[in-house]
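Data first, discussion second: the structure below is written as C-alpha cells.
Read-outs throughout are calculated quantities, based only on the coordinates presented, and are distinct from any laboratory measurement. Keep in mind the model is a prediction, meaning the values are calculated, not measured. As a convention, Cβ positions derive from the backbone with ideal geometry for all residues, glycine included, and neighbour counts pool all protein chains shown.
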Amino acid sequence: MRIRKAVFPVGGLGTRFLPATKSMPKEMLPIVDKPLIHYAFEEARAAGIEQFIFVTGRNKDAIENHFDVAFELDNTLSDAQKIEMLERTRGFLPPAGSIVYTRQGAPLGLGHAVWCARDLVGNEPFAVILADDLVDASTPCIGQLMSAHTKNPGSNFAAVMDVPREKTNRYGILQVTHTDGVLHRASSLIEKPAPEAAPSTTAIIGRYVLQPGIFTLLEKHTKGAGGEIQLTDAMNQAIATTPFYGVSFEGTRYDCGEVAGFVEATNAFYKKRQKA
Ligand code: UTP
C-alpha cells in the first residue's frame, strides 16, 4: 500500500537548547534561513507524502503559523512588488487542509507522540519524520524508506547508520540477522544500550515507515529507557508478527537535536548555499 501520510512528532521539550527553546519550539530553530521543520516538510513532500500530521505540544503555535498564510506580511511584500520574497513566505504552502495538528498533552516520549496520531493515520502504513534529524540527500531519506517498503510491503522500517560503539547509548540499536549491505533484517531492537551491551553499532535515526499495527502496541503505554514510552520498544515487540528492516540511506545526517550537530549542519548548509 502506498504511503500517503507522515507524522511529525514535535512535542518534545528540546531541553538541550535551553534557553532558546523556552518559548520557541526546537523544530523552529533555523538552519541558515529555514526552520528544521520546514526541511522535514520539504523532504516528505518531495517523497510524495500528501497528508502531514504534526503532533505538537505547548509553545508550538509558531509551527502552525509557519505553515499558514501570513496576511500582513504577504500584503506588505505584494504592495512593494517583492515577488521573490513573497514566494519565499507562501510558495511552499501545501493545499489547504493537508496539514493536520493534534496535541500530545504531555511529553511522555516519542512512542506516545506517535500513538497520539492513531486516529489521524487510521489503518494504513505511514511515515514518521523527526525534524531534528536533518538529512541532506539527493533522494529524500524518507523516500528511500518508502521504496524499501514498496519492495517489502507489510514490514516496519527505520533509517539506520553505523555509529561509534561509545555512542550506542544514544540510539535504538539493531540485532542484525542478515543484510545485503543496504537492507538489514533485525531479530530485535534495544533502545539506548550501554556500549558493552549493544548487539551491533547499527543505529536508528529519525525516519520510519510503520504498519498501523504499531498503535496497538503503543496503546499499552509501557515505559522504557529514561522512563519514556519508546517507539523502539514497540517496534521490537512488533517483530514477533511484523518483520523489521533497517535501511542504510544515501545522504548525510546531522543530529540537530544537540548543539554540536546543529552548528555542523548550519556550516555545511551555508557552504552549500554559497556554492549554489
Ligand atoms: P528528543 O528526545 O530528541 O527531543 O526526541 P526532546 O525531548 O525535545 O529534546 P531534549 O532531549 O529535551 O533536548 C526526538 C523527537 O521526538 C519528539 C521531539 O520533538 C523530537 O522531534 N518528541 C519527543 C515528542 O514529540 N514527544 C515526546 O514526548 C518526546
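Worth a mention:
- For a label point 7 Å along the Cα-to-beta-carbon line of A276, residues of segment 137-170 with backbone N under 17 Å: 137-141
- Rg(Cα)/(2.2 N^0.38 Å) for segment 77-126, N = residue count: 1.79
- Relative contact order of segment 1-127, pairs being alpha-carbon contacts under 8 Å that are 6 or more residues apart, as %: 38 percent
- Contact order relative to length of segment 142-256, as percent, for alpha carbon pairs under 8 angstrom and 6 or more apart: 37 percent
- Max-minus-min Cα coordinates of segment 71-203 on each principal axis give 62, 32, 32 Å, with the largest extent listed first.
- Using a cutoff of 8 angstrom between alpha carbon atoms and counting only pairs six or more residues apart, the relative contact order for the chain works out to 23 percent.
- Each residue of segment 213-219 was assigned a 3J(HN,Hα) from its phi angle through the Karplus expression (A = 6.51, B = -1.76, C = 1.60, θ = phi - 60°), giving x, 4, 5, 4, 6, 5, 4 Hz with x at Gly and Pro.
- Taking 0.36 nm per residue of separation and subtracting the Cα-Cα distance, full extension of the segment from D68 to R103 would add 10.8 nm.
- Segment 190-276 shape via C-alpha gyration tensor axes, a/c threshold 1.5: prolate
- Using the Cβ-Cβ distance between T179 and K151 with R0 set to 22 Å, the FRET efficiency works out to roughly 0.90.
- Extent along principal axes [Cα atoms of segment 1-108; Å; largest to smallest]: 47, 43, 23
- Listed by chain and number, the aspartates and glutamates placed with their C-alpha closer than 16 angstrom to that of K22 are D61, E258; residues fewer than eight positions away on the same chain are left out.
- In order along segment 32-45, the Karplus-derived 3J(HN,Hα) couplings, from 6.51 cos²θ - 1.76 cosθ + 1.60 at θ = phi - 60°, round to 6, 10, 10, x, 3, 5, 5, 4, 5, 4, 4, 4, 5, 5 Hz, and Gly and Pro are given as x.
- Distant-in-sequence amide H partners of I31 (H built 1.01 Å from N, under 5 Å): L36
- Amide H contacts of G172 (H built 1.01 Å from N, in plane; Pro and chain starts excluded): K192, I204 sit under 5 Å, all sequence-distant by 5 or more or on other chains.
- Overall form of segment 132-276 per C-alpha gyration tensor (a/c, 1.5; a/b vs b/c): prolate
- Alpha-carbon centroids, segment 111-161 and segment 213-276: separation in whole Å: 10 Å
- Pairs of alpha carbons in the chain separated by more than 24 Å make up 49% of all such pairs.
- Net length available on complete extension from E258 to A96 is 55.0 nm, with 0.36 nm assigned per residue and the Cα-Cα distance removed.
- Cα-Cα over 28 Å, subset of K26/K192; K5/K272; K5/K167; K82/K271: K5/K272; K5/K167
- Peptide ranges 82-92, 23-33 listed from the most packed, as the mean C-beta count within 10 angstrom indicates: 23-33, 82-92
- From its DSSP helices (H runs of at least four residues, each -39,500 (n - 2.57)), the chain gives a residue-normalised ellipticity at 222 nm of -8500 deg cm²/dmol.
- Sorting 252-258, 264-270 by average packing, meaning the other beta carbons within 10 Å per residue, from highest down gives 252-258, 264-270.
- Distance histogram for segment 148-224 (every C-alpha pair counted, 10 angstrom bins, percent rounded to whole numbers): 18, 47, 30, 4
- For segment 169-205 versus segment 4-79, the gap between their alpha-carbon centres in whole angstrom: 30 Å
- Relative pair counts by distance (%), Cα atoms of segment 46-98, 10 Å bins: 20, 44, 29, 7
- HN-Hα J in Hz across segment 92-105 - Karplus 6.51, -1.76, 1.60, θ = phi - 60°, x for Gly and Pro: 8, 5, x, x, 3, x, 8, 9, 10, 10, 9, 9, 7, x
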